[in-house]
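Structure first, commentary second.
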Amino acid sequence: MAGFLELIAWIYYSMTEPSWVPSQFYPFLHGISGFFMTLGSLFIVPIIFLVIYDITLYVFRLTGSACQTFTNALRAREATQPQQSKPPINGNGSIPNGHTPSEKTQ
């Protein structure tokens, strides 16, 4: 692990402190290189959010399809059971033939 960190430190040092620049400009070069390295790494953040969103959407659809399968099974069970026919009722509570539910037919 220490060897890897030393390698990263050496790469950073070789990128930010070239030998052809006087040492008085090192802080300026550190600032510029740090800014552009940060700017370059900012493109990774949207990709990470997209991966998280994709995994969340996958889990949501996976659980949603299980719920949909359960709902379809209930609908299939209801479709196989015999249904009792009910006469249609108008908005005022009367049956379409003109009788109200409280009237007795002769």
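For a quick check of your reading of the model, give me the residue pairs whose first member lies in region 42-53 and is without any contact (Cβ under 8 Å) to a residue 60 or more places away in the chain, whose second is outside any helix (DSSP H, G or I) and of a type in the set (Lys, Arg), with beta-carbon atoms closer than 8 Å and at least 6 apart or on different chains.
Within 8 Å, no pair qualifies.
Yes or no, residue by residue, for (1) part of a loop (DSSP other than H, G, I, E, B); (2) at pLDDT 80 or above; (3) surrounded by 10 or more Cβ atoms within 10 Å (Cβ to Cβ); (4) at negative phi:
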site	(1), (2), (3), (4)
Leu29	no, no, yes, yes
Ser33	no, yes, yes, yes
Gly40	no, yes, no, yes
Thr56	no, yes, yes, yes
Ser65	no, no, yes, yes
Gln68	no, no, yes, yes
Asn72	no, no, yes, yes
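Considering each residue of region 33-60, count those that are of a type outside the set (A, V, I, L, M) and under 18 Å from Ile11 (Cβ atoms), and give that number.
So the count comes out to 7.
The values are calculated or read from the model by the stated rules, or taken from the named source; none is laboratory data. Please read these numbers as outputs of a predicted model, since none were measured by experiment. So basically every Cβ, Gly included, is an ideal-geometry build from the backbone, and we count neighbours across all protein chains shown.
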